[in-house]
Amino acid sequence: MKPVLSIQELSLDYRLSKGKQVRVLRGTSLAIGQGEAVGLLGPSGSGKTSILRFILGMPSPGAETRCAALQFEGRDLLRMTARERHTLRRNRMGVIFQDPLSRFSPFRRISRQVQDVFPRRYSRIDTLRCLSDVGLADPERIASSYSHQLSGGECQRIAIAQALVSEPSLLLADEPSSALDTVAQRHILDLLIKVRAQHGMAMLVISHDPATLLALVDRILVMRDGILYDYDPPRSTLRGSQRSIRSKEIETEVPLLEVRNLRLQHGSSRRWRSWLESHQPHPALQGVNLAVRPGECVAVVGGSGSGKSTLARCIAGIDAPQAGVIYFAGSPLLHTRPLLLRAHLQLILQDTVGSLNPRLTVAQILEEPLRIHQRRPTMSHIQSSVQKDTKDRINRALAAVSLPVEYSERCPPQLSGGERQRVAIARALVLHPSLLLLDEALTGLDHELQQSVLELLGALRAQMGLTCIHFSHDLSQMLLVADRIAVMDEGRIVESHPAAEFSRAARHPASLRLLDAMLAKPEER
Amino acid sequence: MDISSRAVTSITHADLLHINRKTDEVEPSLAKSWQVSHGGQTYTLHLRQGVRFSDGSPFTADDVLFSFQVYLDPELNAPQRDLLIIDGSPMRVVKMDAYTVRCDLPKPYAAATRLFDGLAMLPRHLLEPLVRTKALKDAWTIGTSPSQLAGLGPFRLKTYRPGQTLIFERNPYYWKQDSAGRSLPYLDEVDFAVLPNQDAESIRFAAGQLDFLAGLSADSYASLEKLSSAQSIQMIDGGPGLAFDLLLFNLNTDVAAQPQAAARAQKWFAQEAFRQAISLAINREQLVRLVFENHAVPLVSPVTPASRSWADPKLQPEKQDLPRSRAVLTAGGFRWQDGSLFDSEGNRVQFTIIASASNRQQGEIATLLQHNFSALGIDSRIVSLEFRSYLQRITQSHDFDVAVMALSAGDSDPNGNMGLWLTDGALHLWNLGEKQPASAWESEIDSLMRRQLYVTDRKERQSLYYRVQEIYAQKLPFLSLAAPNMLGAVRGGLLGVTPSALDPGMLDNIASFYWKK
Amino acid sequence: MRVLARRVLHSLISLLAVSMLCFALLSAAPGDYFSELRLEPGISQQTLRAMERQTDPRRSLAERYVFWCESALRGDFGNSLSYHLPVASLLSERIANTLMLSAAGLFGAWVLGLALGMSEGWFASLVRVFTSLLWSIPEPVLALVLLLAALKLHTLAPLTVPTSEAGWSLAHFQSLAGQLVLPSLAMAIGYLPVVIHHVQRGLVAAREAPAVEAARAHGLPYRRILLHYILPEAANPLISLFGLGVGSLLSASLFVEVLFGWPGLGQLLLNAILVRDTNIVVAGVLCSAVMLIAGNLLADILLWLHDPRIREVAQ
């Protein structure tokens, strides 16, 4: 059978600053047969997306690609002009990107953007039909909406509809479900499976998550050391080490952190001010109670808008609650906090792009908190570190998040999303905090990396009694990580159970919703 | 050119008697003749008959009476009022018949006929209702619709766009004729453009968009002179006018809460010898050459050559004489140490020269003076001030050491300088607002000036005024530096432009401007 | 509605503050309108004092301000001391002149800037070099060079602005356009680098936007990508810049006005400040402030029309 796509001897280099180059692929080959679905598995930063862009003819900036042959439907793509490649994309290839929301122009109605993809004649009926084909229940509403009015799942469905308009012989999908919540993820995967069955096109799916690929494709290639290998799905799961950590019971009755009746409502105080400024408020807190024992790992789980992030921001001291008290190690916390306390309480956010200064190198980023806190020699915790070599601490922090030492000279824009997240964790750990708040901090990471970070956190907990609070939407993951699950809904903690008993003990509708979504996921874990 | 409302008045209005700018003698204007009686206390003026305002209505003695009534009205505060008040009481004007008026002065007044020059005769038929309703000030301005304005001048206003243009058209009813009996003016229309500065004026002139520029500064004159051969531009240098530049010492005695340095400086300035030495140190020829490119004359007193017979011929501008200057200073107790001048109490002599930032030439003068003073070992500093704050310091707060200034006499006649000479005069700038003369020589100047007011004999007046100038030259309350020339430029072919020291300068005979055929 | 009410309230507060500041600063400045008359020979001090009293009998600053506010609310901005005319009529003409000049300049700068800024390839690099060149030359120098060049070529337009009194014939329009060319060109050139820079920068960023990449990946026709994806993506900052430009219509042209002798608001204000003609200054500055507010409002309205996300937040 003639392959739809064949790539031979593909090598890929990233140009770094100062003329340095990093070789990502060293002469690898790939062929996709007609109607075949192939998955490409690799950790973040391994150059998966660059391969996809190379096939599309829209090379990533800074990537240098060389290739012996690139054929699509028997035609040599390397000899085509940019215009011909453009036309080819229009007629024969379909693409789905990772972050569906940003892939639509916010200025153009969805109907228009779908119509744009049609080759020649189109009608509104066509548009609506192709929207309903991808399982959108209310195509009229969707068509007349703007992208920001839709959910990520809806957007991804529209993107799939767009990709299918030209009846492509090859569908390229770059992390099609990873930016979505668990429920939407499941739906999108189902849709892709259905679409493939209907249209019978070949597929190349890229993901860091073996589960996604296993559900979708016939064969998985994994990127390792610049070469693509056939992937042998591991039947063993990664649970063992987690369990061992969780089994370590830490029996202390005084909670390290206690939150009592925390309330935050926007707009009630400073009315004139909010009237003048009209900003978007965070979800409110309606009296949150939560206690966390030292060494414990608690997960606050809830859907978006439940107030998780607001709670994290209050505990971290970013937002000021209007009522309620936060006790830390038995004493109440004020909104303005001494430097010492801030070192003890570290927050890690999901959005690492925004939180890391792009101009500083990784070493400088890690050094910064040390420098700030070293100015206070009275701090018992930090005092020992003053004498120690800063560089040594940075290297150990990097090693702790398994980043090579050479990375210390790179800047955030040169790192992949997963690497940036590791830098952010390293930055929090370098001060040896006693309480770590992780606000969706694991969400953007690929599977292996999540695993290594979780192991790292486990080790730190064992070594120095680190206490963690995860704020996450992903119940399945939290069940693996946390000792206790607290479910949050509409600004309240509605129930809280030990992780092992959660699936049996949960009663609240919000908890049940989360469980349903989790169980709907493909059973590969 | 920037046209002041006074220039507009001179174009659109006429006076009873007019000073001939060439001869400096009073000539008939709207009044065809006049007689003096009662020992110079009564002037009878015979008006021209058949004269019409620019709206066609006739001009009679009633209009004259009305005009004087307006100028003398204490509530209207016309600037002309001060001129018509002689020795504390106003001039009285009586109508004899439709074409004859009599003016009664409270005292015989030396330059009485000169008072009539520039006193515009107003149309009673248009203005009387406004005076009755006290609305004259607001209603009858240059902004009034041209159809509501009427005058006796050679032109009448056609369009007025504030701060932009003034367009005058020929007054068809103008009464004056040239020697050949042709009705004046020759020109049908005159446009005045208001431009932000003299550079803009020069550029527009060079571009051929303006035909006549008056009141040029020396450097604009020089830059246009370069073009004159290529572009058929005729340059006009009318010789020195009534304006002059001076160096003012702060001799005010009312300076409140003086800092020590200022008090010290005032102590030096109060010494005659110091002022004389400073005067001797100034190189006036150099100043004329460098600042005015030779379009000025060095001065010895505020009476410029434009005042003709009134300038004391015995007084000649002093040349720079540093040895004499040093000798004078030494005699005054000053001494030198390492080239710097110190007073008898051991204080270093240093002061600040203020100049107006809006006047380029004042800045240049100040720089030259600073240079001259440094030759004496005096350390002076120049501070350029925004014009209003500069004026405020000189006329109100009296917070300055010395100032470079430009002033202008009101008339070539001695009366034009009364404000400067009299102790309580508005321009008695070196010691403004003093009630009693501070010294014997000042009271002598006061009495001489007051006497000359009422002396009708020209020779006697001259000798009185010469005496004033001699006292000045001896005491030097301020230093007269130079009188800049009246400069202008005319497009080739526009003829009849003559310089004039009195207002409105070269526009005075605008009725006789004409284009060469 | 609430947004609009808030904007109006903000504007009123800032206008009030501007007028107060103007008054306070002007009265703090040394000298007054009559200072110059003190050097006139032949005007006695009594007369001068009488003149001062007549024009402004309310001496205290607060009283004068309150009086001014009262009459301003009635639409009367007082009379100019130097022109003896109502400020309103004086300003309206000058504002029209300035608007004519700066609107032509702004329009020219935007048309040229959009055309040049949207270029691609080697020409874009050329434009970039040209832009930095223009940017490095001070605007006064540019304008002066332009003026001197026109002088050399004898193309300097005559300086009277034709009035509508004479009727709006074609000839009038032509002569007006002729006079506008040079000063508005000077303004446009001064503003051009800003526009080009923002257009180029906006387009570079917009070309890399995820939505634009998706459009390219779907193989949309290039023109459609440019018109419907790249330009809207780049438009928001440009709309704000345009609003700023409109807001500074009355205040940006001072230098060009002085240099070219254009009888606009800037020149009038400058003179009024120098001679302390308070009423003109305050009213003129207020007009500039109103223009600024209007410009911002215009930008907000355009943004509201352009960006559905903003519409949603505003509701």
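The values are calculated or read from the model by the stated rules, or taken from the named source; none is laboratory data. Just so you know, these numbers come straight off a predicted model, no measurement behind them. Methodologically, a virtual Cβ is constructed for each residue, glycine included, from the backbone with ideal geometry; neighbour enumeration extends over all protein chains shown. Note: accessible area is taken over every heavy atom of the protein model, side chains too, but ligands, DNA and RNA are not part of it. Shrake-Rupley method; radii C 1.70, N 1.55, O 1.52, S 1.80 Å.
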**Q.** Stretchable slack from A:ARG504 to A:GLN286, in nm (0.36 nm times residue separation minus alpha-carbon distance)
**A.** 75.8 nm
Q. Can you give the accessible area buried between chains B and C, summed over both chains, with a 1.4 Å probe, in Å² to the nearest 100?
A. 3800
Q. At a 1.4 Å probe, which residues in segment B:183-206 are at least 40 Å² less accessible with all protein chains present than in their chain isolated?
A. B:PRO196, B:ILE203, B:ARG204
Q. Using unit Cβ charges (K, R positive; D, E negative) and no other charged atoms, how large, in debye to the nearest 20, is the dipole of segment C:87-314 about its Cα centre?
A. 380
Q: Based on a Kirkwood Rh over C-alpha pairs, give the Stokes-Einstein translational diffusion coefficient of segment B:401-455 at 10 °C and viscosity 1.306 mPa s in µm²/s.
A: 133
Q: Give the value in nm², to one decimal: projected area of the alpha carbon convex hull of segment B:164-322, averaged over all directions.
A: 16.4
Q.
If you build the convex hull over the alpha carbons only and average its shadow over all orientations, what do you get for segment B:163-205? Give it in nm² to one decimal.
A. 4.3
Q: For A:LYS391, list the lysines whose Cα falls under 27 Å from its own Cα; do not include residues on the same chain fewer than 8 positions away.
A: A:LYS18, A:LYS20
(Q) Can you give me the accessible area per residue for segment B:413-517, using a 1.4 Å probe, in Å²? (A) 36
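At a probe radius of 1.4 Å, figure out the C/A buried accessible area, summed over both chains, and give it in Å² to the nearest 100.
2700
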Q) Ignoring ligands, DNA and RNA, what percent of the 1.4 Å accessible area of chain C is carbon and sulfur? A) 70
Q) Of all the accessible heavy-atom surface of segment A:120-230, with the other protein chains kept in place and a 1.4 Å probe, what percent is carbon and sulfur? A) 47
Q: Take every residue in peptide C:263-269, count the Cβ atoms of other chains within 10 Å of its Cβ, and give the average of those counts.
A: 3
Q: Kindly tabulate the residues in segment B:419-450 with an accessible-area decrease of at least 30 Å² between the chain alone and the assembly of all protein chains, using a probe of 1.4 Å.
A: B:ALA426, B:LEU427
Q.
Distance cut-off 28 Å, Cα to Cα: go down the list B:LYS319/B:LYS435; B:LYS32/B:LYS107; B:LYS107/B:LYS435; B:LYS95/B:LYS158 and report the pairs above it.
A. B:LYS319/B:LYS435; B:LYS95/B:LYS158
Q: For B:LYS22, list the aspartates and glutamates whose Cα falls under 16 Å from its own Cα; do not include residues on the same chain fewer than 8 positions away.
A: B:ASP117, B:ASP237, B:ASP411, B:ASP413, B:ASP503, B:ASP508
Q: Output the pairs from B:LYS314/B:LYS475; B:LYS516/C:LYS152; B:LYS176/B:LYS516 with a Cα-Cα distance over 23 Å in this structure; if there are none, say none.
A: B:LYS516/C:LYS152
Q: Set the Förster radius R0 to 25 Å, insert the Cβ-Cβ distance between B:ALA270 and B:VAL383 as r into 1/(1 + (r/R0)^6), and round the FRET efficiency to 0.05.
A: 0.70
Q: Determine the residues within segment A:77-107 where the difference in accessible area between the chain on its own and the full set of protein chains amounts to at least 10 Å²; count protein heavy atoms only and use a 1.4 Å probe.
A: A:HIS86, A:ARG89, A:ARG90, A:VAL95, A:PHE97, A:SER102, A:ARG103, A:SER105, A:PRO106, A:PHE107
Q | Over segment B:243-484, volume per residue of the alpha carbon convex hull, in Å³ | A | 119
Q: Run the 1.4 Å probe and let me know the accessible area of A:HIS344, rounded to the nearest 10 Å².
A: 40
Q: Please report, in debye to the nearest 20, how large the charge dipole of the protein assembly as shown is about its Cα centre when each Lys and Arg carries +1 at its beta carbon and each Asp and Glu carries -1 there.
A: 2640
Q.
With n ≥ 4 as the cut-off for DSSP H runs, can you work out [θ] at 222 nm for chain B, using -39500 (n - 2.57) per run divided by the number of residues, rounded to the nearest 500?
A. -9000 deg cm²/dmol
Q: Sort the following peptides by mean Cβ neighbour count (other Cβ atoms within 10 Å, averaged over residues), highest first: A:413-425, B:442-454.
A: A:413-425, B:442-454
**Q.** With every protein chain in place, chain B: carbon and sulfur % of accessible area (1.4 Å)
**A.** 50
Q. Counting partner chain Cβ atoms within 10 Å of every residue's Cβ in A:144-157, what's the average?
A. 1
Q: Decide, for segment C:87-314, between rounded, prolate and oblate: order the square roots of the alpha carbon gyration tensor eigenvalues as a ≥ b ≥ c, take rounded if a/c falls under 1.5, and otherwise choose prolate if a/b is larger than b/c, else oblate.
A: prolate
Q. In peptide A:163-169, what is the residue-averaged number of other protein chain Cβ atoms found within 10 Å of each Cβ?
A. 1
Q.
Please compute the alpha carbon radius of gyration of segment B:12-130, then divide it by the globular-protein estimate 2.2 N^0.38 Å. Two decimals is fine.
A. 1.02
Q: Quick one: order A:VAL487, C:VAL194 from most to least accessible surface, probe 1.4 Å.
A: C:VAL194, A:VAL487
Q | segment B:6-49: translational diffusion in µm²/s, Stokes-Einstein, Kirkwood Rh over Cα pairs, 4 °C, 1.567 mPa s | A | 111
Q. Residue farthest toward the positive end of the dipole of the protein assembly as shown, with Cβ of Lys/Arg at +1 and Asp/Glu at -1: which of A:CYS67, C:SER35, A:SER111?
A. A:CYS67
Q: Give me the percent of Cα-Cα pairs in the protein assembly as shown that sit more than 42 Å apart, rounded to a whole number.
A: 64
Q: Please get the size of the charge dipole for chain B, origin at its Cα centre, with Cβ charges of +1 on Lys and Arg and -1 on Asp and Glu, quoted in debye to the nearest 20.
A: 580
Q.
Using only the heavy atoms of the protein chains and a 1.4 Å probe, how would B:ARG308, A:ARG313 rank by accessible area, largest first?
A. B:ARG308, A:ARG313
Q: Rank by packing, highest mean first: peptides A:2-14, B:351-363, A:168-180, with packing defined as the count of other Cβ atoms within 10 Å averaged across residues.
A: A:168-180, B:351-363, A:2-14
Q: Go through B:HIS428, A:PRO412, C:ASN296 and say which Cα lies farthest out towards the positive end of the charge dipole of the protein assembly as shown; charges sit on Cβ, +1 for Lys and Arg, -1 for Asp and Glu.
A: A:PRO412
Q) Rank B:TRP441, B:TRP421 by accessible area, highest first, at a 1.4 Å probe radius? A) B:TRP441, B:TRP421
